[in-house]
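Got a structure for you, written out below as structure tokens; questions coming shortly.
The values are calculated or read from the model by the stated rules, or taken from the named source; none is laboratory data. None of the values given here were measured: they were computed from a predicted structure. Every residue, glycine among them, receives a Cβ derived from its backbone with ideal geometry; neighbour counts consider all protein chains shown. These accessible areas exclude ligands, DNA and RNA; they are computed on the full protein's heavy atoms, side chains included. Shrake-Rupley method; radii C 1.70, N 1.55, O 1.52, S 1.80 Å.
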Amino acid sequence: MDDPLRPKTVPLSAETILWFEFLLDPELLTSHLNKLHPNPPAIELIEKFLTIFPDNPVEPCPTPQEGEKEPTVRSIEDILGRKQVALKILTLKVASHLKWNLDVIETLSLQKQIQLLDDLCTITSGTLVSLPLTSDEVKIGPQGSRGAFEFALLIYHRWTLRVYKIFKEVLLKNKAIFGLNPATAADPISLRDEMFATAMDPIPQDSINYLLGICQNPEAIAVLTYDSLMPLNATAEYTNQNFRFIKFISKCEIKTQIHFDLCKFFLYINSNALARQHAIDCRDNLRTLRAEYGARGETAADFLLCNVPEQELEGCLLACGVSDVKHGLLQRMNEETVHRRYANILEILERDNLEMEIPFVHRKILELDIEEALKVNQPHVTKDIECSILALNTIRCLVDEENCHQTTDFMQKCNYSGDFLKFLLDATTKTLKGCSGKSRERIAQYFRTLLMKMDIFPEVRALNLLAEDELAAIEKLKGGGDFQFPQIATQTDWKVCETNQHRLEVGHLKRQLITGSPTEIRKICRRLATAKEYDDVRRRPRELWEINPSWSIPIPLQSVLKSLQRGFLKDFAYITLGKAKEMTNRKDYPTAIAMLNNLKTETQRPDIASTPAVAKISKLIGWEILLVQITQCLNDWPRKHPDSVAIGTKCKQSIMSLQNGDAAIPRTEILEYSIAMLLNLSEWQSLILPDKRSPILELSSALATAAMDIEKGKPSRVCREAWDLVLPMYSTSGNKRNISRDSPTLAVNNFSSFFNKLREPFIVSIILSLLAKIINIIKDDTNVEISCDYMFLWPPTISNSSSYNMRAVSETLSHLLDQNLKYYPQNISWIKLKADLDYLNGNNEAAIKGYVNALISGTEYCTLHLQKPLIDDSMVRRMIKCSTNLGCHMQATVLCQFLDEIDYSLAFKCISEKSATFTDAIDTYYSCIWDVTILEFIINLHAKKNEHTRKLQVISYMSQLELNANNNEEIKREAANNRKMKFLRALAKQYMLQEM
């Protein structure tokens, strides 16, 4: 009795045909191949036929010696056997059915390809042929045909070019395997492939020459067809192929195919000039060939031999720079920028406002390039082009819903001037013709805001963008009511008593002192020098500088000015210094410098210049001018100041003045600014002095030494000097070092004030690494450790680390990061450091916002793929932790895929969280998941909860072609990268645009 549990064999389908049936009935092969979907397909038949009877090497017939008789010519059947010849003929018939398409044949293994070509040359020549072919001519046997063998040579030489790259790779691979494991070298496939590749090395020049000779030969080429190959039957002892059924093809068709193969080969070996010529010839011959077949009512599917994919040919033409296909908007924009000097750039941007094909980051770069070109006065760039591009970019930013960053508002940049309104209206009119309803509403909202700032109601009404009643309501809201002033407020014919006329004139002059220009101040002070008798005699005589409380000057200058006698110079100096400081606070630096230069010129008059007090004042005024210039440089950073070299020289002079002990040394604030400016200008050598007379100078000298060591590539060493100066500031033990010249110590406030003046990224990174190192040592937790550049500069431990205030260090580091990110907002290292600091302090939302900002900046606004060192496992796990703490468990699940090795346990835990703890929708990010295992888990979860609609939604995402497990690695990687970018844009909208 049969065992019921024993597995039974599965019966074959009635339509399934076994390989030996084709051998018994050759006519069955014709009917099988003519099916719509034959099973097995043609290429599998070839592989099966070649596998059953492998190509065994046969001893060649011995060459007769002198005096011996010529040996009898043996047939192929006698040499190989009738069954093997029959299978070879069936194999060639299937290949002819495929029209000798090498793209399909190359899907076979290398050994099978060589064996197939062996069979083709053997059957067509009527003699046994072994590849690779040598230069000796192959003799044609009685069963062969010269024309058919010429066709076999054509296929062989074409295949040699196409498979050259594969053979080179196989050869290198087999050599590496042979060196590591000799046992694997016995593989017959590897040995034969290596032998063939060695014979082809270095370049198959014989094949190239043969194919070029075919193109130049005027004779027609014969193609071996399906009917010209006669199968071997049971009654016939020998087979003679019916070569009368071979077809001759036009010269144009064979040229098209040969030029295409040569073009691809020359592109591979970097012979671009030859590849370009063959690409052009292939394109021209292909057009002629289509015309020939079209005249007979046939299409490209009827080609006998030619197989040139249009997209692949277009790719070759594009690689050679001779493509005539209309390119995309981004490529056209780049061509206009590089080659045509912005000739048609406005037309491209107007079209892109409707199609939104160009990533906005490229349009922003174009905008910045135009601004720079205008600054250097390039002749092909005008102000109108800049205004038009700015206006078009503003409209593009409005209509693009997926835009994750903002651009500069055109009208805001033009200070809402009506002269530039025409550019915005023109860009809006052209965009409204083809934009969607949502885009139209976004543009309308922009003009509603603009109407509240500008009186442009007729222009907006002409756009037909807003309804008439809405325009009337905005106009009424903006206009308000007319306020009627009383008559006395508008009266102008007031009469003043003559006795008070002089007092009014003095008051008028004093008011002019407050609002006057630098050239007017000197004249007014001269006139007021004799007007002080009009002050009230019962009071102390009032000084001129007392009329404005905002006029204040530093104490060192006050002490020097008080030593002067009362008079014009004292009043003029005090007022000028006070107004210069006021202008500096208003960031009107040119006016402040002009005032100080006028005052310095006044102190250099020959009649008073020799006075010691006046000479000292003149020197101090020069230091004040330097302070204003440095302040202007720092405010305009990172734009380079035109006089930065001269300013650096003056900064060195101020430090040397302190070292030399001059009578008029700069005050402490100017010294700090000078030291900071030298660090910003990378003048580090000038700060390394033997006599360091201030704590700031000692600290800057230590930083300059560290910077020079890193720049020169010296072996890293611990920088103790800066460490010992900064670390005691944060001690809470109460035994801080005393402030003295021998042991200088910085206060925290002085520290922050000095480093707020630093702008050079290299120096700032060194300071940030110092503070980060202190925090890591005090915290002593690797899970929240922060990292940045140059951490190796500092000691690894701190004695009694619990006696230091980590909160103060953290606040200082956070302040410095916020300050410097204003000047370098794209510094990824600083952005990640700020995010790490927020993560350490438990600010989850700020931390993940910082990480997303770093990823957005590092990928150039999601136009580049994520890769190390921009993102690593440590950063991803912190983002997962932040998302989990914020309740965004689905975001955490998607982020689990970003790890080098997906943490499935963590991903499943995030998905399985209770729905009450979710603050993001569980089905929002299904389109961002590319891992099939996670999708299967979600399907199972929805099935358990009877959520049928959501389960079908996940199944639809999982069934997408790019997520097929059988895809190659490139397709899988591209699918993952696309979903990463989509998810990153979603995070950017949530965390970075929530305040806008």
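With the structure loaded, tell me whether LEU102 is at pLDDT 85 or above and under 15 Å from LEU153 (Cβ atoms) or whether it fails that test. Reasoning before the result, please.
Working: at pLDDT 85 or above: yes; under 15 Å from LEU153 (Cβ atoms): yes.
Yes.
Would you mind stating whether ALA319 is among the small types (Gly, Ala, Ser) and farther than 30 Å from PHE360 by Cβ?
The answer is no for ALA319.
Shifting gears a bit: Of the residues in region 610-619, how many are loosely packed, with under 12 Cβ neighbours inside 10 Å and over 18 Å from SER657 (Cβ atoms)? First the steps, then the outcome.
Looking only at region 610-619, we keep the residues that are loosely packed, with under 12 Cβ neighbours inside 10 Å, and these are 610, 612.
Next, from what is left, pick out any that are over 18 Å from SER657 (Cβ atoms): 610.
Of the residues in that region, 1 qualify.
Then there's this: Checking the structure you have, find out if any residue of region 917-926 is farther than 24 Å from LEU963 by Cβ, out of contact with any Ser or Thr (no Cβ under 9 Å at 6 or more places or on another chain), without any contact (Cβ under 8 Å) to a residue 12 or more places away in the chain and surrounded by fewer than 16 Cβ atoms within 10 Å (Cβ to Cβ). I'd like the intermediate steps shown before the answer.
Within region 917-926, the subset farther than 24 Å from LEU963 by Cβ is 917-919.
Cutting the leftovers down to out of contact with any Ser or Thr (no Cβ under 9 Å at 6 or more places or on another chain) gives us 917-919.
From what's left, without any contact (Cβ under 8 Å) to a residue 12 or more places away in the chain: none.
No, region 917-926 contains no residue that is farther than 24 Å from LEU963 by Cβ, out of contact with any Ser or Thr (no Cβ under 9 Å at 6 or more places or on another chain), without any contact (Cβ under 8 Å) to a residue 12 or more places away in the chain and surrounded by fewer than 16 Cβ atoms within 10 Å (Cβ to Cβ).
Yes or no, residue by residue, for (1) within 18 Å of GLU624 (Cβ to Cβ); (2) at pLDDT below 75; (3) exposed (fewer than 13 other Cβ atoms within 10 Å of the Cβ):
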residue: GLY516; (1), (2), (3): no, yes, no
residue: LYS523; (1), (2), (3): no, yes, yes
residue: ARG526; (1), (2), (3): no, yes, yes
residue: THR530; (1), (2), (3): no, yes, yes
residue: ARG539; (1), (2), (3): no, yes, yes
residue: LEU561; (1), (2), (3): yes, no, no
residue: ARG605; (1), (2), (3): no, no, yes
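Report whether or not THR863 is open to solvent by 40 Å² or more (accessible area, probe 1.4 Å), at pLDDT below 90 and under 13 Å from the mean Cα position of the chain (by Cα). Break it down stepwise before answering.
On the way: open to solvent by 40 Å² or more (accessible area, probe 1.4 Å): yes; at pLDDT below 90: yes; under 13 Å from the mean Cα position of the chain (by Cα): yes.
Considered against the rule, which asks whether it is open to solvent by 40 Å² or more (accessible area, probe 1.4 Å), at pLDDT below 90 and under 13 Å from the mean Cα position of the chain (by Cα), THR863 comes out as yes.
Moving on to the next point. Counting residues that are among the aromatic types (Phe, Trp, Tyr), which helices (runs of 4 or more DSSP H) fully inside region 771-868 reach at least 1? Walk me through how you get there before you give the answer.
Numbers: elements: 806-821, 828-840, 844-858.
Ranges flagged: 828-840, 844-858.
From the set of residues in region 289-314 that are surrounded by 14 or more Cβ atoms within 10 Å (Cβ to Cβ) and either at pLDDT 90 or above or not in a helix (DSSP H, G or I) (or both), which is nearest to the chain's Cα centre (by Cα)?
For region 289-314, the residue satisfying everything is VAL308.
Pairs under 9 Å by beta carbon, first residue aliphatic (A, V, I, L, M) in region 788-805, partner open to solvent by 60 Å² or more (accessible area, probe 1.4 Å) and modelled with pLDDT of 85 or more, six or more apart or different chains?
Listed pairs, sorted by first residue: none to list.
A further question on this structure: Looking at (1) of a type in the set (A, V, I, L, M, F, W, C); (2) modelled with pLDDT of 85 or more; (3) open to solvent by less than 40 Å² (accessible area, probe 1.4 Å), which is the only condition ILE696 fails?
Single failed check for ILE696: (2).
Another one. Could you tell me which of the residues ASN844, ASN853 is surrounded by fewer than 21 Cβ atoms within 10 Å (Cβ to Cβ) and either out of contact with any Phe, Trp or Tyr (no Cβ under 6 Å at 6 or more places or on another chain) or among the polar types (S, T, N, Q) (or both)?
Details: ASN853 fails: surrounded by fewer than 21 Cβ atoms within 10 Å (Cβ to Cβ).
Going through ASN844, ASN853 in turn, the sole match is ASN844.
Kindly evaluate LEU557 against the criterion of being over 60 Å from the mean Cα position of the chain (by Cα), at pLDDT 65 or above and assigned to a helix (DSSP H, G or I). Working first, answer last.
On the way: over 60 Å from the mean Cα position of the chain (by Cα): no; at pLDDT 65 or above: yes; assigned to a helix (DSSP H, G or I): yes.
So LEU557 fails the test.
Same structure, new question: If SER674 passes every condition in (1) within 30 Å of LEU569 (Cα to Cα); (2) surrounded by fewer than 18 Cβ atoms within 10 Å (Cβ to Cβ) but one, which one does it miss?
In the conditions (1) within 30 Å of LEU569 (Cα to Cα); (2) surrounded by fewer than 18 Cβ atoms within 10 Å (Cβ to Cβ), SER674 misses (2) alone.
Is there a residue in region 955-973 that is closer than 25 Å to THR863 by Cα, among the acidic types (Asp, Glu) and open to solvent by less than 40 Å² (accessible area, probe 1.4 Å)?
no
Quick check on my filter: what residues within region 873-911 are of a type outside the set (Val, Ile, Thr) and in a loop (DSSP other than H, G, I, E, B)? Can you show your working first?
We begin by selecting, within region 873-911, every residue of a type outside the set (Val, Ile, Thr); these are 873-875, 877-879, 881-883, 885-892, 895-901, 903-910.
Result: LEU886, GLY887, CYS888, GLN897, PHE898, LEU899, ASP900, GLU901, ASP903.
Look at LYS982 and say whether it is among the basic types (Lys, Arg) and either open to solvent by less than 50 Å² (accessible area, probe 1.4 Å) or in contact with a Cys (Cβ under 6 Å, 6 or more places away or on another chain) (or both). Lay out the reasoning, then the answer.
On the way: among the basic types (Lys, Arg): yes; either open to solvent by less than 50 Å² (accessible area, probe 1.4 Å) or in contact with a Cys (Cβ under 6 Å, 6 or more places away or on another chain) (or both): yes.
For LYS982, the condition - among the basic types (Lys, Arg) and either open to solvent by less than 50 Å² (accessible area, probe 1.4 Å) or in contact with a Cys (Cβ under 6 Å, 6 or more places away or on another chain) (or both) - is met.
So, one more: Residues of region 633-647 being assigned to a loop (DSSP other than H, G, I, E, B) and over 18 Å from TYR823 (Cα atoms), which ones? Break it down stepwise before answering.
Filtering region 633-647 down to residues assigned to a loop (DSSP other than H, G, I, E, B) leaves 637-643.
Within region 633-647, PRO642, ASP643 qualify.
Just to be sure before I move on: is ALA373 in the same structural domain as LEU424 (by the TED database) and either part of a loop (DSSP other than H, G, I, E, B) or in contact with a Cys (Cβ under 9 Å, 6 or more places away or on another chain) (or both) in the structure I sent?
Working: in the same structural domain as LEU424 (by the TED database): yes; either part of a loop (DSSP other than H, G, I, E, B) or in contact with a Cys (Cβ under 9 Å, 6 or more places away or on another chain) (or both): no.
In short, no.
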